[in-house]
Every structure is written in structure tokens, then in C-alpha cells.
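The values are calculated or read from the model by the stated rules, or taken from the named source; none is laboratory data. All of these numbers come straight from a predicted model, not from anything done at the bench. Reconstructed Cβ throughout: ideal geometry from the backbone, glycine too, with neighbour counts over all protein chains shown. With ligands, DNA and RNA removed, areas are computed over all heavy atoms of the protein, side chains included. Shrake-Rupley method; radii C 1.70, N 1.55, O 1.52, S 1.80 Å.
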Amino acid sequence: MELFELSWPAVQALDRDTPVVLPIAALEQHGHHLPVFTDSLLLGEVLRRAKPDLDRRVLFAPLQWLGNSEHHLDFPGTMSAAPRTYLDTLRDMAENFLAHGFRRIVFLNGHGGNIVPAQQATFELRQKYRARRDLLLLSTTYWTSGADPVRDVPGLEQRQMGHACEWETSMILRLAPHLVVGDVKAVPDVPFGRAFEPAHRAWVMPDRSTPGHIGLPRFATPEKGEALFAGFAAAVVALMNRVVAWDGREWDA
Ligand SMILES: [Zn+2]
């Protein structure tokens, strides 16, 4: 079900165990060759493919395209909610549904900079409603929603998501090739690097990349993009089926 299509009495009539999915993405630079709306376009397509399997059992809020993209602000065109603003926004979005009795809330994310805020927003809400035993507050990012959603994608060079990389460029080549600028075969590699692993080094994009991408976009193809979309959508459907089937108590569900 699409929230934007419903009247408030229709929402009122829903079973309060209906999972509410809050899709969150971004509008930020994606190198010289991809559009700034890449993350929102890609999450929108993953959702479009996942929705038919979940149609009557899950309530989908509209995609929130403004994300936490502070680390990309050196590049024009990037729009960002500052981290604390974004954290409060996510918490409020989820709390709107908690206030009306919904118990299963899922942030479905499509942007790396939103991972920590989404986890923190659900953490804070769980502490606020700490006496409740019927809440399921989740955050997940589409490329890690399954154990290995890229397992069936042939010929991948990258083993992890980068930025405007082989994976994202492949999916835009599949979804909106007219938005890809120039010949991706000529885009230079930008290695991931390992920084201070296993420590986590805080970064801004110019620490890691001058053109704005990270990874190996020259290996992108629309065929890989199709397989990536299929794998990610299947992972999202499988996860949401678990949320629908949750018995309200089990930890290891
Ligand atoms: Zn991206």
C-alpha cells in the first residue's frame, strides 16, 4: 500500500502490525558521470521491483530524498540535512507512526551517510519507549538487506558498494542511460583504500576522491545493473516477509 494514496480513515483502519517502510535516500554528487539524484533513483527502482510482492501487507511512505550528505558538500549540487537535523527528522518520521499505534517501522535506506543516523534514530526511540515489548524498529540498507544479494551477479569486479562505482553506474545504465555522462569505460579507477582499519576514520569526500567517485565504474554494464536490481529487490522482499511474519516476541526471527 502506498501511503500517499490513502485517506486518513483508510490508514486508521489498518492492522497496527502492518509494517511501515520509510524509504530514505539522498541528493548528492556522484562523480562526473552520474546524476546527483542517483541514490534516490536507485532506491526508487529497488522499491518498484519489491512492491508487487508486498503490496497488501506493507505500508510504504513516500521516498525521503533529502539525506545526510555532509561529506559530499565540497561538490556543487549536493543537498544535505545536517547530521543532527537529519537524525531528528528520521526520529520524527518514525514517531509519527508510533503515535498512531503502528509497531513495526523499517527505515529502508539507499545512501551510506544515512546508515548511522537511521540506526541512532531507532536506538533513541527504543530507549524512549523502553517499557514496550511489542516494537520492532529496524533500519536496513538495500545493498546489505540480504546475506549476499550480489551472489548471482555475473562478472562483478567490486565486492562492496562504492560511490558512483561499478554497482551504481551499472544500475543507472540499466535504469536511465540517458543520464550517464560520457564514456564510463574512460572513468579512472579510484581505489577504496583501507584507511586505518579496523578503526573507522571520519572522512570527507576530498580525503578519498578528487572526481567524486570511489570504485571501478569502467566495469559497469546494464546487464550487471539488471542483475543487481534483481538481487537487491529479492533481498528486500525476503527481509520484509520476515517483518510481516514476526510473532511480536521472537529475537532471532
Ligand atoms: Zn550513491
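The aspartates and glutamates within cross-link reach of Lys128, meaning a Cα-to-Cα straight distance under 12 Å and a gap of 8 or more places when in the same chain, are Glu95. Considering only Pro154, Ala118, Tyr129, whose Cα is most displaced toward the positive end of the charge dipole of the range 62-189, charges sitting on Cβ of Lys, Arg (+1) and Asp, Glu (-1)? It is Tyr129, whose Cα lies furthest towards the positive end. Helix-only arithmetic for the chain: the sum of -39500 (n - 2.57) across DSSP H runs with n ≥ 4, divided by the residue total, places the mean residue ellipticity at 222 nm at -11500 deg cm²/dmol.
Across the range 93-152, C-alpha contacts under 8 Å between residues 6 or more apart give a mean separation that, scaled by the residue count, equals a relative contact order of 43 percent.
Per-residue Karplus couplings for the range 142-155, computed as 6.51 cos²θ - 1.76 cosθ + 1.60 with θ equal to phi - 60°, are listed in order as 4, 7, 10, 6, x, 4, 7, x, 9, 3, 9, 8, x, x Hz, Gly and Pro entered as x.
Computed about the Cα centre, the dipole magnitude for the chain is approximately 580 debye when only Lys and Arg (+1) and Asp and Glu (-1) carry charge, each at its Cβ. Since only Trp203, Ala230, Gly248 are under comparison, the one whose Cα sits farthest along the positive direction of the charge dipole of the range 199-253, derived from C-beta charges on Lys, Arg, Asp and Glu, is Trp203.
About its Cα centre, the range 1-128 has a charge dipole of approximately 420 debye under the convention of +1 per Lys or Arg Cβ and -1 per Asp or Glu Cβ, with nothing else charged. Within the accessible area of the chain, the carbon and sulfur atoms contribute 56%, probe 1.4 Å, all protein chains present.
Of all lysines in the structure, those lying under 24 Å Cα to Cα from Lys185, and not within fewer than 8 positions of it along the same chain, are Lys224.
Please identify the helices of the chain, taking whole runs of DSSP H, that span at least 18 Å along their own axis as judged from the Cα atoms and have a mean Kyte-Doolittle score of 0.5 or higher. Length and hydropathy pass: 222-245.
Taking Cβ atoms as reference points and 12 Å as the exclusive limit, the residues near Ala234 contribute a net charge of -1, counting Lys and Arg as +1 and Asp and Glu as -1. Note on Lys51: aspartates and glutamates with a C-alpha under 15 Å away, same-chain residues under 8 apart excluded, are Glu2, Glu5.
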